[in-house]
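Presented below is the structure to which this report refers.
What follows draws every value from the coordinates through simple rules; no lab data is involved. Just so you know, these numbers come straight off a predicted model, no measurement behind them. Glycine also receives a Cβ, built like all others from the backbone with ideal geometry; neighbour counts cover every protein chain displayed.
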Amino acid sequence: MTSLFTRIIAGELPGHFALRDERCVVFMTIAPITTGHALVVPREPINHWMDMSASLNAHVFEVARRVALAQRTAFGSDRVGMVIAGFEVNHVHLHCIPANQMSDLDFSNQQQNVPAERLAEAAARLAAQLRVDGVSGAV
C-alpha cells in the first residue's frame, strides 16, 4: 500500500524529520494545531493502529512517549496530547500535540500554508531535545 506517508518516508515528498529509526519515523505535520505538532509514523504501511503487531505497537507508543517528553521541554507546553484519528491518511500515525489547554487539540484550529522554514525549525528543536534526552534515532 502506497500512502502519502510512505512517499514522505521514502524521500519522494518533502518532510521535516526529528527522528528516524528502523521501525518508525517522526516528522512535523504540514498543518499543525500548535507549534511542535509532530506525527509518529511506523515505516510499515499499516492502515489502522489496531492492526499493528504488539511489538510494533509497543515501539511506536514508546517513541510517542519520548517525543512527548521532548516536546514539553522544547516547546514549553504544560502537556502533550495524543490523537489517533486515522481518517485523513490511510497509514497509522499518532499526532503528538504540545498543549496548554483542551482547545489546543481541536483540529479545526489547524494552521494552513505554514512556511517550510517554520516546520524545519520546529523539527530541529524537537530533534535537539530528543538528542539531549538520549533518544536513539534523533536526527
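Under the combined filter of DSSP loop state and at most 13 neighbouring Cβ atoms within 10 Å, the range 1-110 retains these GluC sites (Glu not before Pro): Glu12, Glu22, Glu88. The calculated P(r) of the chain, using every Cα pair and 10 Å bins from 0, goes 13, 47, 36, 4 in percent. In the neighborhood of Arg79, defined by Cβ-to-Cβ distances under 14 Å, what is the net charge if each Lys or Arg adds +1 and each Asp or Glu adds -1? Local net charge: 0. Near Leu56: Cβ cut-off under 14 Å, other residues only, Lys/Arg at +1 and Asp/Glu at -1. The net charge is -3. The sum of -39500 (n - 2.57) across all DSSP H runs of n ≥ 4, divided by the residue count of the chain, sets its helix-only mean residue ellipticity at 222 nm to -10500 deg cm²/dmol.
Taking each residue as 0.36 nm, the span from Arg65 to Arg131 lengthens on full extension beyond its C-alpha to C-alpha distance by 22.3 nm.
Other residues within the sphere of radius under 13 Å centred on the Cβ of Phe27, judged by their own Cβ, net out at +2 (K and R +1, D and E -1).
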